[in-house]
Amino acid sequence: MKKENINSECTLNQAMEMGLTEEEFKLICKKIGKIPNLTEAGICSAMFSEHCSYKSSKKWLKILPVSGDHVIQGPGENAGIIDIGDNQAIVFKIESHNHPSFIDPYQGAATGVGGILRDVFTMGARPIALMNVLRFGETSNAMTNHLLSGVVKGIGGYGNCIGIPTIGGETNFNQSYNSNILVNAMAIGLVNKNKIFYSAASGVGNPVIYVGAKTGRDGIHGATMASAEFSNDTESQKPTVQVGDPFTGKLLLEACLELMKTDLILSIQDMGAAGLTSSSVEMASKGNVGIEIDLDEIPLREKNMSSYEIMLSESQERMLMILKKGAEEDAKQIFKKWDLDFAVIGKIITDKKIILKKENKTVCNLPLNFLVNESPELNREYEIKTSNINLDNKDIIVKKSIKTILYKIIGNENFASKKWIYEQYDSSVMGDTISIGNKSDASIVKIHNSDKGKFQGKAVAISTDCNSKYILNNPIEGGKITVAEAARNLVVSGGKPLAITNNLNFGNPEKKEIMGQIVGSIKGIKEACEQLNTPVVSGNVSLYNETNGKSILPTPVIGMVGVIDDIEKIIFMNAKINETLFIVGQDENKYNGFLQSSLYQEIFCDDFSGQVPHVNLKKEKNLHDFIIKLNNNKIINSAHDISDGGLLPCIIEMLLSNKLGININLPSRIKNPNKENLLFLHGWLFGEDQSRIIISTNNPDKLIEFSKSENIDICCIGKTNNTGVVEIPKYDSICINKCLELYNNTIPNLFS
Amino acid sequence: MRVAIVVFPGSNCDRDIFEAIKSISKKTPKFIWHKETDIENFDLIVIPGGFTFGDYLRCGALASNSPIIKSIKDHASRGGAILGICNGFQILTETKLLPGTLIRNNVLKFLCHDIDVIVQDTLPSPFTWGFKPLTKLNVPIAHNEGNYYVNDIELKKLIFNGQIAFKYEKNFNPNGSVENIAGVLSENGRILGMMPHPERSVFSHHNSLDGRLFFKNLIEQLLS
Amino acid sequence: MIIDVTIDIFPKKEVLNPETEAVKKTLSNLGYKNIDELVLSKHIKVSFKNLNEEDCLYQSKLMCDQILVNTNIQDYEISVLKKD
Amino acid sequence: MIIDVTIDIFPKKEVLNPETEAVKKTLSNLGYKNIDELVLSKHIKVSFKNLNEEDCLYQSKLMCDQILVNTNIQDYEISVLKKD
Ligand SMILES: Nc1ncnc2c1ncn2[C@@H]1O[C@H](COP(=O)(O)OP(=O)(O)O)[C@@H](O)[C@H]1O
Ligand SMILES: [Mg+2]
């Protein structure tokens, strides 16, 4: 690269190729009082990008509730932190790697996992679990198989190697994701409250340290590099796929945690998106100081990298730290032991600027406040659209036997077991895993060494959720339901919901109806989080998930974390023999089950338009409190929330692992088959009304007593037996073995 | 009972083994870094699972050239007991302390789930004696390269000598191992390599306690 | 007639190759001090039957792009080895 | 002076290689019907500095036996490529 090029003034054309708009470029020139050179413009463009500046979503993210008694750190740091008592805290965050995973499913997914893990251990936490939420196109699409196997191998490739258990997630298929798959990875870590590390730099004169892997030309902003003026040697500068190295990731994790045991680190931040640029700018601006970096000191993988490339490289497995002055040598020894690069690359300065030197020349001098605080905040036009279709159940139901419908639902790729996927992940490493897959509605890991004498210990419960159909048809109500369902999943597993992280995956925000989906779902999430006292402590936004103007379904993913204060209180999903099943919770569907926006409608009508079920958040909260009370009184043997597919498929899920049967006690008004009752029966069995849970108990009397005193609606379904047959008297009977076969074989048959 | 746990860059089951042995033996095992060359006498050396050196080149190949290996070989030649689990098993075959090689699972997938392994009728060994032959242990597997291979001549030798320690059930061989082998012993019975992870079925929150039985028996046998 | 084609698949220079790095480091630790450069690559030998040379090359290229090579991070070279 | 040595590492014939089998099967499913035989092997190019040819060969063999090759399941061949 020609040096004079990189130091020459950036033209408007070049700035626009870097992704800046004309107004932004003019604003930059005005604010910094000069025309930026290419390196400076590159840094501005990265900081002003949607990814770093959240310019479309910032205005709306601000309305989310972010505080609470148990919140130690809300959004704004590498990850959120919540207090779980006993001087311990949980650090967690979710992040998307959608676009890279479509280009290279293995590397994209692997680096997604690596990136989110660094966000968590950079705060001093040892990661204890990984989750992931995946969306793929139709199973009949030829690409889906290739993308799914690559993504699953990539997630396992990183997580298995670094030795953090992957314990749960979600996988869904819909044609809207054909050309825009979603890969959202979530990491959860455990930290001692007095050993949390933050990213704000401090102390003028303190050394800035680079550790980890070397910097190469990975992932440098594509549009920028297409500009021929940058170099004569264009081929070698093509943007490249980032390659993850979980082995180096593991060494970096151990080395950082070892150094964190000392008191040598003042602040630390991982190099994620926009690499050295965003990490140095953010550390300095948060600390209200300036930063000076000598680019000649950066460990490079390739020779002759320009200042632009060094600053924008997204090479993986790197960290930036500020150490106490004089601590360099001791810190270096630790990184040497772990065979990692360690370099003193600069210092903290008073002047609130970022100054970069290369070969003794200043190649960048920019004011920090401007880069961070004056990055654009847009007020995009939006329209929150709710479906204007309102269907009656008789427009939806199909003339098929209950059995036929049930088997179709259980064998549907969005319902069937994802075991084929999660068995490719190491879920039991670290020895603390308690529940994965379909053992319970939430994934559960024990807090290491939290047991004492007779006390068996505490655990963390995690759930991920998103029902895009609801969001599409009603963004606000859908947003609420997503949070409510995540919380319900924790409660039915014996947990107390504490806080959420979220990943807002949408199409192009420049379209007002897409912006409406964003705004609407944020409003819904806000309301539910307030009502359920689960503040938002971290999150991520991924926009422009569109191809040829066609957007993905709106997919705001919720990752909720809760605590289980005694692992003996964990509730699993599997019923045992001779237990009585009850529906607990608001039971509007006794009269007219809600079939619009349901899986039933999706499968049989090839459509899911219509209204969405209503969620009453007060009732939802009461339901949770009631379940917690029943659990504390040891009335619950097993529990499962009623979600996708409705009542009957959820009952089946509880019976599967012990291959039980049951005689279903129908509501009296539909006991006798006739045309009208059939309508109600379908609604009752497959409607997706919210705020309902099925529990099994050996103590029905106690349950009835409690429900009366708490004024909670319950409905007895019947007693489990060992026949392996689910009897719906006078209508149909269902063979549990057949269900099991469909449930287990659907995904392997599609993808093996 | 003095137990050493060898830690390589990329080991990731070291802490799990530590907790398991500590809880059962009530003694604290010692971590040994792979660069150490001078180690004291131990009753048992454990090489834990993980992805040593990223499993690059071949699983266990790079680790088997670490400085510590010489001490491990000395320990072996003194008749010391060695347990290699998963990646530890791969390292033991790469160092030739155990026969055979672990190649890629025939399904070409990483596999993690609970499985039954069957204790075989073996030559005298602290790892298997104490169990009635054909005892079933339910323990998790978690590996990508657990497909045990030896040629026919060596296989006959293993069978003849009673060196096969564990087998998967006939119709539940997860990875394509010859003879459904899940674990093998050295010729003197003092070294065991196994793919399943007994340290993941030791505590009440695990799916089974059979790994606890395995370690309990091992510690009793070593102490007697 | 059988035509043998060989396909060499090697990591792109500008892309990180963690495996090569790890092997290099270990060899250097083991005292192999004269190694200047080391490249690990994959090699595939395909024997085609009932195809002419041109078609063999064409099919090989197709196979590479379709499945054998991850062109995001790897380059490849195809050559005809011999016929008999 | 730099001497390039290439090391070819291929699976022993009698060892079933799951990867090769999978590639073969996939190709055949994709409709490549003229493939008679297919062998996957590894290829390592080592550039030595400050060593004569004989020593390069010797060191390469040493490296193979010590670490690069698992002779239970693999065979190897070493050849000197070129000098400059
Ligand atoms: N991508 C994935 N990774 C790990 N686990 C997954 C993944 N997808 C699904 N699972 C697991 O499979 C189980 C069933 O998934 P799903 O049907 O989405 O659950 P639910 O209907 O309760 O939300 C969940 O407990 C989840 O943990
Ligand atoms: Mg759910």
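The values are calculated or read from the model by the stated rules, or taken from the named source; none is laboratory data. Note that the coordinates shown come from a computational prediction; the quantities given were computed from them, not determined experimentally. Neighbour counts run over all protein chains shown; Cβ positions are idealised from the backbone, glycine included.
Assorted remarks:
- Test: residue in the range A:363-377 that is of a type in the set (D, E, K, R), surrounded by fewer than 22 Cβ atoms within 10 Å (Cβ to Cβ) and more than 16 Å from ligand 1 (Cβ to nearest atom): yes
- Residue match in the range A:443-459 (condition: within 16 Å of ligand 2 (Cβ to nearest atom), within 27 Å of A:Ile81 (Cα to Cα) and modelled with pLDDT of 95 or more): yes
- Single residue of B:Ser208, B:Ser201 found to be under 27 Å from A:Gly156 (Cα atoms) and crowded, with 23+ Cβ neighbours inside 10 Å: B:Ser201
- Residues being more than 10 Å from ligand 1 (Cβ to nearest atom), under 30 Å from A:Asp606 (Cα atoms) and either among the acidic types (Asp, Glu) or assigned to a loop (DSSP other than H, G, I, E, B) (or both) - total across the range A:148-178: 2
- Unique match (being surrounded by fewer than 20 Cβ atoms within 10 Å (Cβ to Cβ) and either closer than 20 Å to A:Val281 by Cβ or within 30 Å of the chain's Cα centre (by Cα) (or both)) among A:Leu38, A:Leu20, A:Leu61, A:Leu12: A:Leu61
- Qualifying residue in the range A:439-452 (condition: farther than 22 Å from A:Val536 by Cα, surrounded by fewer than 20 Cβ atoms within 10 Å (Cβ to Cβ) and within 16 Å of ligand 1 (Cβ to nearest atom)): yes
- Every residue from the range B:4-48 that is within 22 Å of B:Phe203 (Cβ to Cβ) and in contact with a Ser or Thr (Cβ under 7 Å, 6 or more places away or on another chain): B:Ser11, B:Lys22, B:Pro48
- Among the candidates B:Pro133, B:Pro124, residue that is surrounded by fewer than 19 Cβ atoms within 10 Å (Cβ to Cβ), free of Cβ contacts under 8 Å to residues at least 40 places away in the same chain and either within 14 Å of chain A (Cβ to nearest Cβ) or of a type outside the set (Asp, Glu) (or both): B:Pro133
- Take the conditions (1) within 13 Å of ligand 2 (Cβ to nearest atom); (2) away from every other protein chain (no Cβ under 14 Å); (3) surrounded by fewer than 24 Cβ atoms within 10 Å (Cβ to Cβ); A:Leu472 misses just one of them, which is (1).
- Residue that is nearest to the chain's Cα centre (by Cα) [pool: residues in the range A:508-557 that are of a type outside the set (A, V, I, L, M, F, W, C), buried (at least 21 other Cβ atoms within 10 Å of the Cβ) and within 13 Å of A:Arg135 (Cβ to Cβ)]: A:Pro556
- Qualifying position, being at pLDDT 95 or above, in a helix (DSSP H, G or I) and near ligand 1 (Cβ under 10 Å from one of its atoms), among A:Ile421, A:Ile409, A:Ile405: A:Ile421
- Among the candidates D:Thr20, D:Thr26, the residue that is hydroxyl-bearing (Ser, Thr, Tyr), facing another protein chain (nearest Cβ under 7 Å) and assigned to a helix (DSSP H, G or I) is uniquely D:Thr26.
- Scanning the range A:336-366 for residues that are within 14 Å of chain B (Cβ to nearest Cβ) and among the charged types (D, E, K, R) yields A:Lys336, A:Lys337, A:Asp339.
- Residue in the range A:152-161 that is touching a strand residue (DSSP E or B) at 6+ places or on another chain (Cβ under 9 Å), away from ligand 2 (no atom under 16 Å from the Cβ), among the aliphatic types (A, V, I, L, M) and away from chain B (no Cβ under 14 Å) present: no
- Candidate set: the range A:95-149, residues that are under 17 Å from A:Pro165 (Cα atoms) and basic (Lys, Arg); chosen: the one nearest to the other protein chains (Cβ to nearest Cβ): A:Arg126
- Filtering the range A:643-650 for residues that are away from ligand 2 (no atom under 16 Å from the Cβ), surrounded by 19 or more Cβ atoms within 10 Å (Cβ to Cβ) and modelled with pLDDT of 95 or more leaves a non-empty set.
- Subset of the range B:66-88 [within 19 Å of B:Phe18 (Cα to Cα) and either within 11 Å of another protein chain (Cβ to nearest Cβ) or over 17 Å from the mean Cα position of the chain (by Cα) (or both)]: B:Ile68, B:Cys86, B:Asn87
Here's the yes/no breakdown for (1) outside any helix (DSSP H, G or I); (2) modelled with pLDDT under 95:
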residue	(1), (2)
A:Val372	no, yes
A:Tyr382	yes, no
A:Asp395	no, yes
A:Ser428	yes, no
A:Gly431	yes, no
A:Lys469	no, no
A:Lys480	no, no
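- Going through (1) more than 14 Å from ligand 2 (Cβ to nearest atom); (2) modelled with pLDDT under 95 one by one, A:Gly437 falls short only on (1).
- Within the range B:106-119, if we keep just the residues that are more than 7 Å from every other protein chain (Cβ to nearest Cβ) and within 17 Å of the chain's Cα centre (by Cα), the residue that is surrounded by the most Cβ atoms within 10 Å (Cβ to Cβ) turns out to be B:Val117.
- Pick from the range A:453-466, criterion outside any strand (DSSP E or B) and surrounded by fewer than 24 Cβ atoms within 10 Å (Cβ to Cβ), ranking: farthest from ligand 1 (Cβ to nearest atom): A:Gly453
- Within the range B:54-65, restricting attention to residues that are touching a Phe, Trp or Tyr at 6+ places or on another chain (Cβ under 9 Å) and at positive phi, the residue that is farthest from the other protein chains (Cβ to nearest Cβ) is B:Gly60.
- Scanning the range C:1-25 for residues that are touching a Leu at 6+ places or on another chain (Cβ under 6 Å) and in contact (Cβ under 8 Å) with a residue 24 or more places away in the chain gives C:Asp4, C:Thr6.
- D:Ser60 more than 8 Å from chain C (Cβ to nearest Cβ) and surrounded by fewer than 18 Cβ atoms within 10 Å (Cβ to Cβ): no
- Look at (1) under 30 Å from A:Ser401 (Cα atoms); (2) buried (at least 24 other Cβ atoms within 10 Å of the Cβ) and you find that A:Thr580 fails only one, number (2).
- Residues being away from chain A (no Cβ under 14 Å) and either under 17 Å from the mean Cα position of the chain (by Cα) or not basic (Lys, Arg) (or both) are represented in the range B:46-53 by at least one member.
- Unmet requirement for B:Gln90, which otherwise passes all of (1) surrounded by fewer than 19 Cβ atoms within 10 Å (Cβ to Cβ); (2) in contact with a Cys (Cβ under 8 Å, 6 or more places away or on another chain): (1)
- Put simply, of A:Lys353, A:Lys250 the only residue that is under 18 Å from A:Asp119 (Cβ atoms) and among the charged types (D, E, K, R) is A:Lys250.
- Restricting attention to the range A:311-325, the residues that are within 12 Å of A:Thr122 (Cα to Cα) and outside any strand (DSSP E or B) total 1.
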